[in-house]
Structures are given as C-alpha cells and as structure tokens.
Amino acid sequence: MSQRAPQDQRRLLEQAVRQLRETRSRLEAAERVRGEPVAVLGAGLRMPGGAEDLDAFWELLSTGADTVAPLTDSPDGVRPPVAERPAVRHQAGQLDRVDAFDAGFFGISPEEADRMDPQQRLVLEAAWEAAEDAGLPIERLRESTTGVFLGVYGTDYLTMQLTRTGINAYTAPGGAHSIAANRLSYLLDLHGPSVAVDTACSSSLMAVHLAVRALRQGDCDLALVGGVNLVLSPLSTEVTGRVLPLAPGGRCRAFDAAADGIVRGEGCGMLVLSRLSDARERGGRVRGVIRGTAANHDGRTNGLTAPNPRAQADLLRRALADASAAPEDVVYIEAHGTGTPLGDPIEVEGLREVYGKGDRPCAVGSVKTNFGHQEAAAGITGLIKSLLVLERGVVPPLLHLTRLNPEIDLAGSRMTLPTAPAPLPDDGRPRLAAVSSFGFGGANVHAVLEAAPPAEPVAVHEPRKLLLALSARGGAALRALADRYAERLAGADDAEAARVCAAAATGRSHHGHRVALSAADAEGLRAQLASVAAPAVPVRAGTRPRVAFVFSGQGSQWAGMGRAVLDREPVVRAEVAAWDAAVLDRAGWSVLEQLTAGEDASRVNETEVAQVTIAALQAGLAALWRSWGVRPHAVVGHSMGEIAAAAAAGLLDRDQAVELLLKRARLTETGARGGAMASVALPLEEVEPLVAGVPGVGIGAVNGPRSTVVSGAPEGVEAVLARVAERGAASRRLRVEYGFHSPLLEAQGRELAGAVGHIAARTGAERIHFYSTVTGTRLEAAALTGAHWARNLRDAVLFAPAVTALAEAGVTVFVEIGPHPVLVRDIAATAERAGAAPVAVGSLRRGHAPATSLDASLGRLYAAGLDPDWEAVLGVPPAPVALPFYPWQRERHWLPAEVVDAAAAEAAEEAAAPAADPALAPGAAGAEVPLEERVAALSLFVRERIAKALGRPGAEDVPGDAVLETLALDSLVIVELKNQVETQLGALVRLQTLLEVLEGGTVDDLARAIAADEADTRAAVAAPAAAGEAR
C-alpha cells in the first residue's frame, strides 16, 4: 500500500494540473468572447430625400443634401392639419409615402395593416432588406436564436387613432412599442431575445449596445437591430417643443454660433449583426465592425434633461476600453450634435477631453444637419453613416456651420469640423470611428467602429453558369424584380452575370411566384429578362414536390452524347469514371471513350455499347441531380433503364448493374436482331385485337394513353400496321432492326433468368420507391430475381401504367434521366390522364449544350416549387455581389379622418341595431329556429366579418368551404369575431372553441361551432335556473 501511495499522488497531481489548464482555457475563451468585435453584415434603411439603400444615402450625405422641409397639411390625411401652431416650427426631414405598405408580403390583413403604426411597417421592410443586403435568406434564420433589438419612441399613430376613432383587436398590437420588435420576431420565426428599447434620442444606439452584449454572451447568434421614428402629429411636435428647443429657422446648425434648437426628423435603419468570428467562418459580406460599446446615465444634474460632461467623457473612455482601442486610433466622430446652444458645447468638451490630444486629424460630424433629429432612429443613422465614412474614406460635409459657437474651443486639439468633403488620414495606422447618442433623459451610448477587415481567401469555384432564379410574392412584384435585374445586368459581362446569378440564388429568399432563366451569355439573359411573365398559378414556397427519376431505354443515345457534360460537371465525370473501370474490367472497352467519341469512332448504336453507355451516363446524371438537391421519391426505368433505376435506388450496386447490363445486352443482340418495331397512335385496348393472331408479334411497350408499340418479326409488324391503317389510325416504323420486348426473345429470356439468378437485390435499401415497367407497379427488392429480369427482357414495357401509379402516389415532378428526352410527352399525357398536373423535364438534349438543357430543366423544376441546393448548382461568388432589393408592392393603409369617423359611427350603429336576419336576432338561438337555418345565417355573418378583416368586397368573396388557415387569419381576427358575435347577436361563445376550428377548419365549420357552443352555453345556464324553480 505504501508503494502505491506515490503513484496515486502523482496521478492526482496530474489530474489537478489538467483541470487547471482546462479551467484556464475556458476562462481565456470567455474573456475573448466578452470583448469580441461584432460584425455588421447588412443594412436596410429609409431616409428623407428618398434614400432607400446605402448608395442613395451616401449620395445625399456626400453632396451635402438638406432634406428638411415644412410639415404641411397632407391632403391625403397622412399628417393632420397643424392648426394654429406656428408653421415655421413644423419642419422635419420627412419620409415619402409612410401610408403605403406591402401588407400581403408579410401575410398581414388589410384591416390589421390599417391599425399598425407605420413605424412597425418600416421596420419590417428595412429588416428584410438588411437580411437581403447580408446575403441571408430568411429561411436560414427561422427557428434560430436571432435576436431583435429595436429603438422606438414615438406614439403619434396610436394617439391619432385613439383621438379620432374607436378601437378594435388590432389597436393594441398595432400601437405597442413592444410589438414593434415582437412582430418582427414572430413573422420571421426568430427565437432569440426580442426587445423594444425606449431611451428617447439614444434608443437605437442603446439597442445596438444591448445587441452587442447579447451576441457576446451567447444570448443570440445573430441580431436584427435598429431604430425608427416618424413625425405624424403636430401634437407630438408641440409636446417635444415643451421639453427641447425647436429651431425657429427650421435648420439644425450643429456647433454653429447661430444654433437655436433641434429640428425633428424621420427615418428607419436596421442592421444584421453577428460575432466577427462567426462572420469570418460563414464568409460573405462584412460591412464594418463594432469594436466596442458603452452605456451610462448622466446621474443627478441640474435638471432631468440637462447633459453631464463628466458622464459623457467617462462614457467615451469606457467604450474605448471595451474596444481595446486608443483615442488616437479614432479619426472620425459622429457626434450627437443636435444644434442646441447648451448641448453642443458640453458634448464637444467631453470629446476634446478624451479624443482631443495628439496631432492626427479627427473629424467631427452630425447627420442631423442633413435629416433633422431622428430621435429613436438617430443613433442607428449615425452609425450607418460612420460605417460608410470608414468604407469610403471620406467625411461628408457638416451643413449650416458658418461661424463656430464661441463656447466651443477646438484650439490645440486634433478635432476638425469639415464643411466640405474631407479624406480620412491615410497613414497606415488604424482608422476607427465613434458614434455618440444621448437621450434627453440622460441615457447615453457610445460605440467605436472599424472598417471591415480584408476578406480572407476562400476556396470557392468561380460561378460560371448563367441561371437566374427570380421569385416574388405576386406576379406584379416578379415582373418588377425582373426589371431591376435587367438594370443590374446592363453592361455586365458573362463572368459578372454568373456572379449575380449565384448571389441571387444563394442569398435571397425564394417565394411562390417563380421563374428561372438560363442562357449561354449575359446578352441572352438580358433578352429574357425583358419578357418575363409571371406564372398563372404560384407554388407554395417551402413545400417539396415529390420527384421521380425516369430512366430512358435504348434509342436515346447519340454520338458524343457525354462529351460536354463530362467536361462541365465533375460529379458526372467521377461517377462515369467508376462505371468505366467496372466495364473495362468485364468487357474490355471504355465507357468514357464511347461517350466522348465522334461520329466516325462511335459504337453507341451497337446494342451492348448503347445500353451500357446509356446506363453509365444515367448514373452520372442521377448523381448530378442529387448533388443539386433534386432527390427522387421514386424511380422508374423504361426497358434496360430499369437496371439503371434499380442502381439509382440502391437496390443494385455498380458491379451488379454492369454484369446484368452486359449479359442482357448480349442476349438481346442475338435474339432481337432482324426484328422490327412500330409505334401506333392508339390505346392498348384497341391495339391488342389488331395484334391477336399475328404470329411472331406482340405488344412491345405501352408508353402513353395513345402510344403503343408493337414488336416482333418484320412481316408480322407489317401485317399489324396494315390493320392499323384500315382503322384510319396513325403509325410509324421505328428506325431499328430489332424486335425488342417481343416473342423473338423467348429463349433468351429463359437463358438470362439462369445467368443472373445469383444477382440478389439489396433488401433494406428501399428508401427510394422502385416502380417497375415489367409490372406497372411498385416493387420491393425481393421481387428483383432472375425471373424478373427475364421478363424485363421479353415482356412488354408497361411504362404508362407505371407512370399512372407514380402519379396516383403523389409524384408531380418527373425528371427523365438520359442523353435525350424521349419519354417526356408520354409522361405528361399519362400523368394528366391520372388527374395530376405534372412537370416533366429532360436532362441532356441531342446537339444542345448542357446550359440549354440541364440548366433549363432545373429552372423548370424551380418554377414548379422545388428548391435546389443553389450553392452546389451555381457555386459561391468569391466576393459580395450587389443585388436589387425586393420590389415592394405597397398599397395605402391609413385611417383618414372622414373614413375613421364613419367607421366609428357604423360600428356604434351595428352594435345598437337588431340583426336584420331573424335567425340572427339576439335570443334566436333559443327560439324555434331550425339549426341549419341558424348555421346558414351565422355563416353569412362570419363571412361578412372575415371579408371586412381581409379587405375583400363582401361575403361572396369568402366561400363557406374556404379553409381558415389559407385566409391568413390569426387569433386576433377570431377574438374580434367573438366580440362581435357576443355584442351584436347576444350569443355567448367560448374562445377555445373558435381557436380549435382555426386549425384546419372551414368558414362553415366556424359557424357550426358557434351554433353548437351557443347551445351548450344556453343549456349550462338553463340547468341551474330550472333546478332553482324546482326548489
């Protein structure tokens, strides 16, 4: 025991050292995360002057645009009359068309959109565009821990509603600040923190501060952050003027001796943020970096709204420490700069104390001189401006500065106030920017920014395919989007066009109205964009159609059929190379050579070479489609294509398939040579009597509803064709000298059964459904015996029955796998007869480049609702690519005074008036009114209310059998309906009853549920009363 003690002690010491090292490693990692920079991935904005993207925003800044204008009365009722308040004080930087919104895009009913604060609407659109700018399809964010942090302050729209009309179920969520953030999280299905921030003028930069902390702490992995502000009511401007001085002249003169107060402004800005390490790992665009932030409060000063220079200076130091930056690294400061005689000197005092030392120039600006004080959006606007300053290396001019405020002393400091565009210092040292935002209640925020780091080299394949996938939520939007891409591609060469195609496919969400354009060059792409038409019926985005791979048989081959695709698609080449090795080992000839050989050297019309090379090429094409994300639910093969189908389904391995193909082809050659085949344009049941009694001839294939092949001895085929001609039906001899699938192959079928009886299909691999053209039905692996392959050689190809079975199993997309589409027409005709609406496409096409065959087919699949793996198809652009934003189809959503008042009067009148239909009168449920009559009346009542909520003309536009989930109804509509039923009909209905019907029920189901609930409630109320009478 004493001998083991030292060993035990050594082991314990080693364990302790190991644990200490692990603890130290965790602490170091936590420390790194705590101070990790945060990347800005994308931005969306709305600014006065019509700026709806960063380029337009920068144009206004760099040219010194002043967007402030009088807040005049709006004839459309957007901004109420300013009454007797002085018009000169009602100046603001204003947004255009704040009454317009694309409610349908976000699945919001017109009635709800009318009640939504337009600030919420702006946030939705700007956030969507920020994600687009970041190259992040919204589908990637769904159910993620993405957070939402939103600065919001004003309540003008809610105030306007409450003072001018009654309320409904949408009033509270439409006006609540919390919902402004929560609605974005809800609509995009984001599961991270969702926070509305109101610290007045510093709200949006405070939201950035909170988002940075949440990202560092792991509360979220991405964040949508920003702020919004609108000036809709003269009352709010009057209220603001009682707290903060409004500039009588209507201009923000930051730092000027004539500064006399703030000017209000509107705007919205949203950013997508992530940890910088995550952004680097993901690749893609980084617009800038937030190195550090800090927030504090002024504490007790000589007034609640009075700033505190000491607190501001302390804030700046803390932000620099959080950024691990030195003051002299900062070369641009976006000041709070509101243009007040008191606030400006105090702010500059704090800036000079922290940033003023040294001789490296540091410019100071204020975006409020361009757009006014955007209050809850001011900080995010200043941050976006600062990122652009760092990106473009130029400081825009500070407006309205003619003589420095005498209370501001810049002498001896490195700080400048440029009134003309000024370049940032280019001295090889770090160039940082800083942004300040101070709330009028003393809540202060400061952020330190850095330009985006150089992109790290990424091993990507340069995009080279011209396949442009466009989609929208409506036909008009799709056409508008096509126009935007035509403008984007004007003058682009092929390489740039390919990068645009790749970025559009991989970095945008995909909607229901779709079109995909493929071309050989950029000019062809531009020509197609000019004539884009929206599909008649949109697909349901996010639903994956069932796909069948259809493997064609012999007859689709042509000399050189694999040359172009083998050169273009490495996936095809790799799979075919594996087949080449297997065939070379067994047959002594090269599949690769035969697939690429010209007319003179090609042997693809020899039975053995044809069947094996077709199958090898099919294997490569199937692998290519799968690599593109087109994965089959089922497979089916025509004749020898059934072997390729079995291999694609995993029922045969490559060696088994090659052995089976070679033996089958050799027996086919000996038995079928010298025969004949013909196609007859009649259904099977009309051809069978014509074949009956003709020796040596049989049904060779049933390809479609009116496409039947006869096969066998030449003289027998001619006899059948003579009978066909007597019937007046069309027919044609096939250009083959073989009688495939005919009585000529009886002996060879028996021989094949014995020769391949040892080839056992792999059971347990039936994840892909296998449909056989021997039986016309789905088969399991155990059925693929030697006898089955004998029938595959000898018996008729029951292709049409197999396609019918696939259509009945829900397959709507058929991809013909082969060197030339020979079955597409028959597939479409057969599936349509089975009641399906099929999409049937080929793969390669004789004499055509893959760009005009494969790419075009993939485009049709996309338009049919299939979502390929676009990165696999098109590659990833090596650098961010600028793309057009979604073209919003905005409509007016507002409550003008005259309409609002009428609505209030109508609501009051409806509540007081008795129901017109006796079956709906209060108490009718308990009277002698037949149940069906009551239900019918309730259905009309419900349909009228739903039509109103959805903005439809009347009840006739809401069918009784309409499924509620498809009408974009939500629980708020149901709550409002419950209230109306109770107030107008005098009926008691349980909310849970209605919510249960909402999940999968119809409008008529809702009416029946209301009637049944009435009866239950009435019985429950009547029972105690009856018991009381009995006592």
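Derivation of every value follows stated rules applied to the coordinates shown; laboratory data play no part. Just so it is clear, the model here is predicted, and its values are computed rather than measured. Reconstructed Cβ throughout: ideal geometry from the backbone, glycine too, with neighbour counts over all protein chains shown.
Shown here: Rg and Dmax of the Cα atoms in Å, derived from the displayed model; of the candidates (i) 36.7, 115; (ii) 33.3, 113; (iii) 36.2, 128, it corresponds to (i).
Explain nothing, just the number: dipole magnitude of the chain about its Cα centre with +1 on each Lys and Arg Cβ and -1 on each Asp and Glu Cβ, in debye rounded to the nearest 20. Please report the intermediate quantities before stating the final value.
Details: 100 positive and 126 negative charges, 508 e Å.
Computed about the Cα centre, the dipole is about 2440 debye.
Sorting check: for 335-342, 556-563, which peptide has the highest mean count of neighbouring beta carbons within 10 Å, and how do the rest follow?
Peptide ranking by packing, descending: 335-342, 556-563.
Averaging the Cα positions of each part gives two centres, and for region 168-209 and region 757-823 these lie 55 Å apart. So which GluC sites (Glu not before Pro) in region 761-855 are both in a DSSP loop and have at most 13 other Cβ atoms within 10 Å of their Cβ? Sites meeting the loop and neighbour criteria: Glu780. Return, ordered by residue number, the residues of region 318-362 whose backbone nitrogen is under 18 Å from a label point located 7 Å along Cα→Cβ of Arg213. Inside the label zone: 318-324.
Positive-end ranking of Gly749, Val841, Leu273 along the dipole of the chain, with charges on Cβ about the Cα centre, is headed by Gly749. With a Förster radius of 25 Å applied to the C-beta separation of Arg282 and Asp483, the computed FRET efficiency comes to 0.20. Remark: region 195-200, residue by residue, has Karplus-estimated 3J(HN,Hα) of 10, 9, 10, 10, 10, 6 Hz, where x stands for each Gly or Pro and the curve is 6.51 cos²θ - 1.76 cosθ + 1.60 at θ = phi - 60°. Centre-to-centre separation between the Cα atoms of region 938-1014 and those of region 408-475: 51 Å. Ranked by the mean number of other Cβ atoms within 10 Å of their residues, highest first, the peptides 369-382, 724-737, 792-805, 998-1011 come out as 369-382, 792-805, 998-1011, 724-737.
Dipole orientation for the chain: of the candidates Ala520, Val1003, Ala196, Ala520 has the Cα lying most toward the positive pole (charges on Cβ; Lys, Arg +1; Asp, Glu -1).
Using a simple spin-label model with pseudo-atoms 7 Å out from Cα toward Cβ, Glu407 and Ala16 lie 6.4 nm apart.
Estimated from helical segments only, the mean residue ellipticity of the chain at 222 nm is -13500 deg cm²/dmol, where each DSSP H run of four or more residues counts as -39500 (n - 2.57).
Less than 5 angstrom separates the built amide H of His769 from those of Ala634, Val635, all sequence-distant by 5 or more or on a different chain. In this label model, Ala681 and Arg603 are separated by 3.9 nm, measuring between points 7 Å along each Cα→Cβ vector.
Along region 338-348 the Karplus relation, 6.51 cos²θ - 1.76 cosθ + 1.60 evaluated at θ = phi - 60°, assigns HN-Hα couplings of 7, x, 9, x, 8, x, 4, x, 5, 5, 5 Hz to successive residues, with x for each Gly and Pro.
Placing unit charges on each Cβ (+1 for Lys and Arg, -1 for Asp and Glu) gives the chain a dipole about its Cα centre, and among Pro341, Phe551, Ala326 the Cα reaching farthest toward its positive end belongs to Ala326.
Seen through its C-alpha gyration tensor, with square-root eigenvalues sorted a ≥ b ≥ c, region 674-737 comes out rounded because a/c lies under 1.5.
With a Förster radius of 30 Å applied to the beta-carbon distance between Arg846 and Thr966, the computed FRET efficiency rounds to 0.10. The stretch between Asp493 and Ala5 holds 167.9 nm of extra length on full extension. This uses 0.36 nm per residue minus the Cα-Cα distance. Under 5 Å between amide hydrogens, built in the peptide plane, is the criterion, and for Ala962 it picks out Val1003, Asp1004 among residues at least 5 positions away or on other chains. Relative contact order of the chain, taken over Cα pairs closer than 8 Å and 6 or more residues apart, is 11 percent. Put simply, the amide H of Ala69, placed in the peptide plane, has neighbours under 5 Å in Ala92, Gly93, Gln94, leaving out anything fewer than 5 places away on its chain. On the basis of the beta-carbon distance and an R0 of 35 Å, Ala69 and Leu342 show a calculated FRET efficiency of 0.85.
Phi angles across region 933-947 convert, under the Karplus curve 6.51 cos²θ - 1.76 cosθ + 1.60 with θ = phi - 60°, into 3J(HN,Hα) values of 5, 4, 5, 4, 5, 5, 4, 4, 4, 5, 5, 4, 5, 5, 4 Hz, Gly and Pro given as x. Listed by chain and number, the lysines placed with their C-alpha closer than 22 angstrom to that of Lys368 are Lys385; residues fewer than eight positions away on the same chain are left out. Entry note, region 674-737: relative contact order of 46 percent, from Cα contacts under 8 Å with a spacing of 6+ residues. Residues Phe101, Phe440 in ascending order of nearby Cβ atoms (within 10 Å, fewest first): Phe440, Phe101.
Projecting label points 7 angstrom from Cα along Cα→Cβ for Trp558 and Ala1012 puts them 6.2 nm apart.
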